[in-house]
Amino acid sequence: MTATGPTGLDELIAFAGDMIGDEADAWDRAGTIPDDVVRKFAAQGVLCAQVPARYGGLGLTSADNGELTAFVGSRCSSLRSLMTSQGMAAWTIQRLGDKPQRTAHLPRLAGGEVAAVAFSEPGAGSDLSAMATTIEPDGDSVVVTGEKVWITAACYADLLVVFGRYGSQAAAVVVPASAPGVTVERVPEPLGCRAAGHAFVRLDGVRVPAADVLGGGQSTALLVTAALAYGRISVAWGCAGILRSCLASVSGHARRREQFGKPLAEHQLVARHVAELLAAERIATRMCAHASQCWDMRSPEMVSATVLAKYVSSRHAVAGAAAAVQVLASAGARNSHPVARAYRDAKLMEIIEGSTEICELMLAEHALGAFA
Ligand code: FAD
């Protein structure tokens with residue numbers, strides 16, 4: 001069961017705010033979040049707050065989990081990245097696992113263990129059908145062999161949910177990060193989300209129980225779409241958070257800083273940046289809220305609404321963070337400033353969980369089907 005602690009949205013936001021404090025910049029510079037902070041977040045179930053109460057989770061709706069994700073994203077995109085990975089691992093187990101697998105693994109994720117999800121490989125980025133990692137049955141075990149790249153949270157992880165080829169189809173498998181044959185090597189100097197524990201992961205003949213294979217024998221496209229849906233909505237809410245942080249920095253600075261005898265906010269070209277940031281934040285939030293509503297109502301629109309929210313929010317976050325740096329100018333032109341961090345972090349959001357171009361292909365396919 002989840003440890004005693006905050007459970008409602010307001011309490012969870014207060015808990016996250018207290019834990020993060022003013023430390024996000026220090027974590028970014030150090031390239032790591034202190035282990036006790038990660039463990040406390042994990043133990044409270046905050047990293048995967050949508051896990052149902054019957055599996056020991058907080059059982060938040062997608063809408064509430066989204067607001068929690070946006071709050072954390074407004075303070076620290078690295079920690080928000082851990083929420084995305086852990087939530088995606090839990091969602092994968094929930095969607096692809098059977099009841100014994102859900103009962104075995106979800107309480108671990110909701111109760112303190114940290115997880116990462118591994119799809120990408122040197123030869124398989126946007127095109128995950130090119131995955132070369134193999135999950136080979138061998139008696140009561142499977143043997144996992146392959147190379148994964150850029151795995152968020154892998155440096156902190158107890159568990160890895162690894163996707164790979166399973167005969168002529170695909171599967172995911174739960175691999176303990178401490179299993180013999182697993183090697184985790186930190187990605188040096190990432191552009192942004194620098195404390196998110198990105199790593200290259202090698203799996204050299206790693207043997208795990210066959211009972212830990214999830215969704216075996218389905219197509220790669222079906223498996224990864226199920227898992228990535230969570231990653232996309234989480235990133236989208238994180239981008240709404242980045243925009244909220246930029247809006248706060250820009251509004252404060254534009255009111256305080258004077259040039260040509262009046263506050264920057266009274267120069268109309270600066271005011272336009274403020275207006276565009278507000279519009280961007282509102283659009284991103286509305287798109288995310290709509291997608292979450294689809295999740296909470298189990299609407300068939302859920303997948304397309306999620307892709308749309310991720311696409312729109314990440315593009316607005318990139319443009320909004322750039323505008324924020326422009327308004328703060330030299331005041332924001334230091335790596336340690338929140339708008340500089342937002343600028344670096346936001347760009348990565350256009351690459352992960354389906355790049356902007358891959359989202360465009362999916363949205364075009366949806367439009368061509370829906371409006372034919
Ligand atoms: P490529 O696939 O080589 O694409 C290069 C460019 O070409 C992109 O702009 C892409 O949009 C474009 N492109 C590719 N195909 C097409 C097409 N058909 N049409 C139009 N344009 C196209 N992976 C994981 O498995 N787990 C993680 O936790 C994880 N976390 C990550 C965190 C970060 C910060 C980063 C940077 C990456 C992470 N990744 C993770 C990997 C990420 O999923 C891939 O980087 C992403 O899928 C893109 O793959 P790629 O980098 O190989 O780019």
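Checking the stated criteria, Gln86 turns out to be within 16 Å of the ligand (Cβ to nearest atom), among the polar types (S, T, N, Q) and closer than 22 Å to Thr7 by Cβ. Scanning region 330-371 for residues that are assigned to a loop (DSSP other than H, G, I, E, B), touching a helix residue (DSSP H, G or I) at 6+ places or on another chain (Cβ under 8 Å), within 11 Å of the ligand (Cβ to nearest atom) and open to solvent by less than 40 Å² (accessible area, probe 1.4 Å) returns Glu350, Glu353, Gly354. Being in contact (Cβ under 8 Å) with a residue 60 or more places away in the chain and farther than 15 Å from Ala89 by Cα is the filter here; which residues of region 45-64 pass it? Across region 45-64, the qualifying residues are Thr61, Ser62, Ala63.
If we scan region 247-262, do we find a residue that is assigned by TED's automatic domain parsing to the domain that holds Thr225, among the hydroxyl-bearing types (Ser, Thr, Tyr) and under 25 Å from Leu79 (Cβ atoms)?
Step one: of region 247-262, the residues assigned by TED's automatic domain parsing to the domain that holds Thr225 are 247-262.
Right, trim to among the hydroxyl-bearing types (Ser, Thr, Tyr) and you get 249, 251.
After this cut, where a residue has to be under 25 Å from Leu79 (Cβ atoms) as well, the list is 249, 251.
Yes: region 247-262 contains one or more residues that are assigned by TED's automatic domain parsing to the domain that holds Thr225, among the hydroxyl-bearing types (Ser, Thr, Tyr) and under 25 Å from Leu79 (Cβ atoms).
If you filter region 142-176 down to residues that are in a strand (DSSP E or B) and of a type in the set (S, T, N, Q), you find that the one that is nearest to the ligand (Cβ to nearest atom) is Thr145.
Quick grid of which residues meet (1) within 9 Å of the ligand (Cβ to nearest atom); (2) out of contact with any Leu (no Cβ under 6 Å at 6 or more places or on another chain); (3) open to solvent by 40 Å² or more (accessible area, probe 1.4 Å):
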position: Leu106; (1), (2), (3): no, yes, no
position: Ala116; (1), (2), (3): yes, no, no
position: Pro122; (1), (2), (3): yes, yes, yes
position: Ser126; (1), (2), (3): yes, yes, yes
position: Ser129; (1), (2), (3): no, yes, yes
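In the list Ala210, Ala254, Ala226, which residue meets the criterion of being surrounded by fewer than 21 Cβ atoms within 10 Å (Cβ to Cβ), in contact with a Leu (Cβ under 7 Å, 6 or more places away or on another chain), farther than 30 Å from Ala331 by Cα and not aromatic (Phe, Trp, Tyr)? Even if it seems obvious, please write down each step before you answer.
Values: Ala210 fails: in contact with a Leu (Cβ under 7 Å, 6 or more places away or on another chain); Ala254 fails: farther than 30 Å from Ala331 by Cα.
Ala226 is the lone residue from the list that is surrounded by fewer than 21 Cβ atoms within 10 Å (Cβ to Cβ), in contact with a Leu (Cβ under 7 Å, 6 or more places away or on another chain), farther than 30 Å from Ala331 by Cα and not aromatic (Phe, Trp, Tyr).
For region 152-164, the set of residues classified as closer than 20 Å to Gln101 by Cβ and open to solvent by 10 Å² or more (accessible area, probe 1.4 Å) consists of Ala157, Asp158, listed by residue number.
The values are calculated or read from the model by the stated rules, or taken from the named source; none is laboratory data. From a predicted model like this one, the values you see are computed outputs, not experimental measurements. Quick reminder, even Gly has a Cβ in these numbers, built from the backbone with ideal geometry, and neighbours come from all protein chains shown. The protein model used for the area step is the full one, side chains on, heavy atoms only, and it has no ligands, DNA or RNA in it. Shrake-Rupley method; radii C 1.70, N 1.55, O 1.52, S 1.80 Å.
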